[in-house]
Amino acid sequence: MKKYICITVILGLILFTSCTDVVEVDLEEATPRLVFDASIKWENGELANEQIIKVSRTRNFFEEEITWVSGANIEVLDENNNLTTFEEVEPGHYKTENFTASLEQDYQLNIAVEGKTFQANTAFVNTTSIDSISQGNEGGFSGDEKEVVIYFKDEPTEENYYLIRFNTEFLAFPSVELQSDQFNNGNSISISFSDEDLETGDIVEIEFYSISEAYHDFLFKLLLQTGSAGGPFQAQPATVRGNIVNLDDFDDFPFGYFSLSTLEKVNVIVE
Amino acid sequence: MRSYIFAKKILTKKLIPFFVFFLCCFFSKAQSQTANLSGIIFNQEDNQPILGANVSIKNTSYGTVSNIDGEYDLKLPLGEYEIYFSYLGFEDEVKKINLQKDTQINIYLVPKEEELEEILVEENVERTEIRSASMSTNRLTSETIKQIPVVLGEADVIRALIQLPGVSNTGEGSAGFNVRGGSAGQNLILVDNATIFNSSHLFGLFSIFNPDAVKELSLYKGGIPATYGGRVASVLDIEQRRGNTQKFKGEANIGVVSSKLLLEGPIQKDKSSFLVSGRSSYAHLFLQLADNPNSAYFYDVNAKFNFIINPENDISVSAYYGRDVIDINDNFINVFGSSFISARWNHKFNNEISGNLSLIANDYLYDLEITSAAFVFETGLSNINLKYDVSHRLNTDLSLEYGIESLLHEFNPGLVRPTDALSDINRRKLDDKFAWENGIYLSANHNLTKDLQLQYGLRLSSFFRLGQNGFSTYENDEPVFYNSEIGIYEEAPILESTSISRNETIKSFHNLEPRLSMSYSFNDNQSVKLGYHRMVQNLHLISNTSAPTPFDIWAPSGPYLQPQKADQVAVGYFQNLKKEAYSIETEVYYKTVQNSFDFINGANLIANNNIERVLLNGEGRAYGLEILLKKNKGKLTGWIAYTLSRTEQRTPGRSPDEPGINNGEWYLNNFDKTHDLSVIANYQLNKKWSFNANFVAQTGLPVNFPVGQYQFQDLNIPVFEGRNQNRLPTFHRLDISATLIPSKNESRDWKTSWNFGIYNLYNRMNAASINFRQNQETGANEAIRLSIFGIVPSVSYNIKF
């Protein structure tokens, strides 16, 4: 009996061996589609003349190098038929320095590339600005990370949607948060960013956008695909279509989105 | 002339009454010349009634066999008798009586000392039923459930079920189970008549059923009798044990992660009893010792009280209360669980008819508090259920069951409540929903001939969606809008939101559900069976993840959510070999489900007040072959279960212009597993040691792998096309365990045993999911496999007193 007790004590340790591993997976590749990254940002209420639209193509999931697409004709039209043309400055990057934007206007994007024509429509959205920013040391799930918190006041009379991006040097890509006023209408809303690697002296770049409902819904579906909500309970992956339409062939649709949003940019130094 | 008239007077006035009186005396005397001998036959060791025990009377041809409640009854002429009560594996009991009036004798049979395994076999509950019309049914006893080795040493009802053919689940640490490709919300789970809406603790690590409190369970995968209704895939009917009416007993089990204690005994000897069983996990205490501020634990309590009022009436009251608590750093606090109380009054009208009146109250709640954001999210549902079921034996070849059932449901889809004044969350109540669900049924068990037995029935289900606040209407009655400009489905805007009184019906659904199964026996050992059923489901589990989570919402049918209707046909062949040493059960089934819904892309279910805006109607179909080979006798027993199956869903657009999901083509549903093999083996080496092994091998679940990627706003976005086009790697695992019964047990009243187990013996990292994402440090894309359990050893100690 004594022998049994010894053995069982040793064996009785719980080994909760749940774990994650990087694995190799053979992936198929679908017919490539065009991608239009057309996010017009009107910064801090000033005239944001310089804007960039990027055109690329989908590629294999593990292929690191981006496939840029050259030779596109890109124009943005407003309600008064004012035309802004974008010129290619490097492969896939199309720039303008003459963009003028005004609120409450509808805009139309027209792109001609590789023999196809694309179009999208969007409207500018009313602005909200950041009220204040605070910092703390009890952020994150475990409550011991440095954090930066922004506060803003939601307009109670309408439905508002927000996009917040935090970036800092050690992050490979920005941390993105979506917020709607569904649960906090009319209140002062707070969004926090924290990371266990955040230290005193780090600079956090904060971009605060007011976006349209359609763009919010699109980003919501898109972020679900990025696996940021991964796990056994992840929702169904899906093909996320944006608002850009192929005028010649409806089913040969591109990815990406055409949006116009107000942007407030703030850099914060972590204390 | 006068004497004639006088004689006639005497005849009519005196003789005829006297003659009538004489006749009456004769008849009543003839009646009073017999009496009823009846009672219940129990197993003295565990006080459970014995089905199939023999009652015979020496030197006569009178005799009978006890029924599922252990009851027997004989009508005998008055006189003296020597009555033999016997059952294989038990010592015979003889009673000498002088029968002068209706007499009740309860018998307690003592198990024979040797040949333990014989008793397990003759436990009629689990044997392959050749002649009976019932098919697509599996029965398990508590003993079998406890023999299957499981993770962390805890015997588990659902883990035992998924070793049967046609039953599977979505992975380790995953709640619920899937029957013939159906989702977890398509199983009707009953514990002593109470409906269970969430069958798991801790997101699927353990089921809420305490195996010690379970007497036996039946799983109906097809040929479902008309007594049941309400879900389309299966019925799991669990009966709880009743307490010992003779003496106090108890059992304790101490394991590495959790412990259980069971106490039972008489309240009034021979008349009433109680049984209370509780479990609790304490692994979180180890975490606290290591200064880890997180904890996850569960506890549950089962209780059952039985009162035999008189030979015709008995009352049983059954209750359950269970809670799960997950606390991550006092910031994220999750509390959820079920509770029910179920009371049943059984009344015997006579030897042929008995009725059960049941009243059940049921509650399920889910609370999530996030202290850093200062709010609480509360959701839940409750119902109250009244039913009356009658068992009516017309003759030895025909017996009926009929009854009526009524349930009132209340659903709370959610309340968001700020916990302090400074919180930036507003109070928001999603509208409660109400429904009234009814069923009336008639079912017959009919032996047409010795070889041809039928079970047929009809159920009428009537479902009323009752009024509520905030009932929304939409343009064209379409809650989902297809934006043809950009080709996506969106939530349609709400036209109007009205309040309708709870006394009014928004919409009602009436459905007839025919049920039929029949068996044709070639002989005592071989038969062929055929079954058909239609099942209608009016409560739907809305979950867009493969595995159920407590976020899932139960929603009632209504104007925008149609009842699911399943039609299933099954054909089976059953055979016992070598005097039941081996049995074979094979079945082929085909099932179609109408109004099987699926979700639009990007459906957001959390705190959605109008989930009809993200659902699309479709149809499902499933077909498969199930094979079960059992070895029932000898030192080595067990079974091999193999299922070959396919389950698909099709969700077309509502008009030719709409794509639907996956372009309106059939796609695998989330629970499809082409091959599913389970092997269970028990080896009884000697009185001291027994060994168990369990091997499973299954096709991986359908998933979606990306077919490309692109950059958008500095993020890598994976591209997916279609639905469920890929699969996770094959899932396989071997578990072993050993049970040690010390020889000291024979010389004392209290018995102990040890159980040692190793889960996942060769440490296979089975993929619960594969996520494709960007590495946060390098920015490169990678595939991450999540496995729940590697190799897990365990030990537990059991005491019976």
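The values are calculated or read from the model by the stated rules, or taken from the named source; none is laboratory data. Quick caveat, the model's predicted, so the values are computed rather than measured. A quick note on method: Cβ atoms are made from the backbone with ideal geometry, for glycine too, and the neighbour counts reach across all protein chains shown. We work out accessible area using only protein heavy atoms, side chains counted, and drop any ligands, DNA or RNA first. Shrake-Rupley method; radii C 1.70, N 1.55, O 1.52, S 1.80 Å.
Structural remarks
- For segment B:745-778, a residue qualifies if it is open to solvent by 70 Å² or more (accessible area, probe 1.4 Å) and either among the hydroxyl-bearing types (Ser, Thr, Tyr) or over 29 Å from B:ASN694 (Cβ atoms) (or both), and the qualifying residues are B:GLU746, B:SER747, B:ASP749, B:TRP750, B:TYR762, B:ARG773, B:GLN776, B:GLU777, B:THR778.
- Considering only residues in segment B:787-801 that are surrounded by fewer than 20 Cβ atoms within 10 Å (Cβ to Cβ) and facing chain A (nearest Cβ under 7 Å), the one that is modelled with the lowest pLDDT turns out to be B:GLY790.
- Counting only strands (runs of 3 or more DSSP E) wholly contained in segment A:100-179, the ones carrying 1 or more residues that are touching a Gly at 6+ places or on another chain (Cβ under 6 Å) and of a type outside the set (S, T, N, Q) occupy A:145-153.
- Among the candidates A:PHE183, A:PHE253, A:PHE218, residue that is in a loop (DSSP other than H, G, I, E, B), open to solvent by less than 40 Å² (accessible area, probe 1.4 Å) and at the interface with another protein chain (Cβ under 10 Å from one of its Cβ atoms): A:PHE253
- Count - residues of segment A:168-177 that are surrounded by 18 or more Cβ atoms within 10 Å (Cβ to Cβ) and more than 8 Å from chain B (Cβ to nearest Cβ): 1
- Residue tally, condition in contact (Cβ under 8 Å) with a residue 40 or more places away in the chain and over 30 Å from B:GLU129 (Cα atoms), over segment B:491-528: 11
- All conditions but one from (1) open to solvent by 40 Å² or more (accessible area, probe 1.4 Å); (2) touching a Leu at 6+ places or on another chain (Cβ under 8 Å); (3) over 30 Å from B:GLN104 (Cβ atoms) apply to B:ALA374; the one that does not is (1).
- Subset of segment B:716-736 (residues that are within 8 Å of chain A (Cβ to nearest Cβ) and surrounded by 20 or more Cβ atoms within 10 Å (Cβ to Cβ)): B:ASN716, B:ILE717, B:PRO718, B:VAL719, B:PHE720, B:ARG723
- Checking every residue in segment B:337-352 against the condition of being within 14 Å of chain A (Cβ to nearest Cβ), open to solvent by less than 30 Å² (accessible area, probe 1.4 Å), under 30 Å from B:ASN294 (Cβ atoms) and in a strand (DSSP E or B) gives zero matches.
- Candidate set: segment B:471-494, residues that are among the small types (Gly, Ala, Ser) and modelled with pLDDT under 90; chosen: the one farthest from the chain's Cα centre (by Cα): B:SER484
- B:SER280 vs. criteria open to solvent by less than 10 Å² (accessible area, probe 1.4 Å) and either assigned to a loop (DSSP other than H, G, I, E, B) or of a type in the set (Gly, Ala, Ser) (or both): no
Each row is one residue, and each column tells you yes or no for (1) at pLDDT 90 or above; (2) under 29 Å from A:ASN267 (Cβ atoms); (3) not in a strand (DSSP E or B).
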| site | (1), (2), (3) |
| --- | --- |
| A:ASP21 | no, no, no |
| A:ILE40 | no, yes, no |
| A:GLY45 | no, yes, yes |
| A:ALA48 | no, yes, yes |
| A:VAL55 | yes, no, no |
| A:ASN80 | no, no, yes |
| A:GLU88 | yes, no, no |
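- Condition met for B:GLY250 (surrounded by fewer than 20 Cβ atoms within 10 Å (Cβ to Cβ) and either in contact (Cβ under 8 Å) with a residue 12 or more places away in the chain or more than 24 Å from B:LEU109 (Cα to Cα) (or both)): yes
- Segment B:461-492 - residue that is under 24 Å from A:GLN119 (Cα atoms) and in a strand (DSSP E or B) and, of those, most open to solvent (accessible area, probe 1.4 Å): B:PHE481
- Enumeration of residues in segment B:497-545 that are out of contact with any Phe, Trp or Tyr (no Cβ under 8 Å at 6 or more places or on another chain) and either aromatic (Phe, Trp, Tyr) or at positive phi (or both): B:TYR520, B:PHE522, B:TYR532
- Under the condition of being in contact (Cβ under 8 Å) with a residue 60 or more places away in the chain and either more than 7 Å from every other protein chain (Cβ to nearest Cβ) or in contact with a Pro (Cβ under 9 Å, 6 or more places away or on another chain) (or both), the residues counted in segment B:772-786 number 2.
- The residue of segment B:551-575 that is modelled with the lowest pLDDT, among those that are within 27 Å of B:PHE336 (Cβ to Cβ) and in contact with a helix residue (DSSP H, G or I) (Cβ under 8 Å, 6 or more places away or on another chain), is B:ASP552.
- Test: residue in segment A:145-167 that is open to solvent by less than 30 Å² (accessible area, probe 1.4 Å) and basic (Lys, Arg): yes
- For segment B:670-714, the set of residues classified as open to solvent by less than 20 Å² (accessible area, probe 1.4 Å), closer than 30 Å to A:HIS93 by Cα and not hydroxyl-bearing (Ser, Thr, Tyr) consists of B:PRO706, B:GLY708, B:GLN709, B:PHE712, listed by residue number.
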